Amino acid sequence: MSEDIKNIEETEVSETPAPVKEAVEKTSSEDSYPDRSRRFDPDSKPQRVPRFKKKVCRFCHSKDVAIDYKRSDILEKFITDRGKILPRRITGTCAKHQRLVATEIKKARMIALLPFVEL
């Protein structure tokens, strides 16, 4: 039994795994610089990992929702608690609808449906 254990230990120590041998051979080769043709391929695009979910314009998505200064319940979602108009990057509206929302908020402010400033 003890001879079998010694034989197993000797074979494990003497034989190096194949990946280790390949790594040693690569580092000990004359060319120490990596092959640049394999590293950079102009046809392949790097894979990006999305960090956040893309926001969709609610007015483009559902055509039945109209932007109107009389509908203050919808327009309130596009202003902050201080009364400022929220930007596109936060609300997710497209440029066309953001312009419409801004003008309708301004109209609603003029006839006192929405506040200019909240303190």
Protection proxy ranking of 98-107, 74-83, 44-53, 60-69 - average other beta-carbon atoms within 10 Å, highest first: 98-107, 74-83, 60-69, 44-53
Amide hydrogen neighbours beyond the local backbone of I79, cut-off 5 Å, H modeled: L86
Residues listed by number, region 65-87, amide nitrogen under 16 Å from M110 label point at 7 Å toward C-beta: 68-71
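Let me have the relative contact order for region 45-119, percent, based on Cα pairs under 8 Å that are six or more residues apart. Spell out each step's value before the answer.
Details: 62 pairs, mean separation 27.1, N = 75.
Rounded, it is 36 percent for region 45-119.
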3J(HN,Hα) from dihedral phi, region 53-59, Karplus parametrisation 6.51/-1.76/1.60, rounded to Hz, x for glycine, proline: 7, 5, 7, 10, 5, 6, 7
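Taken together, the values in this text are just the output of simple stated rules run on the coordinates, not laboratory data. As the structure is a prediction and not an experimental result, all values here were calculated from the model. Methodologically, a virtual Cβ is constructed for each residue, glycine included, from the backbone with ideal geometry; neighbour enumeration extends over all protein chains shown.
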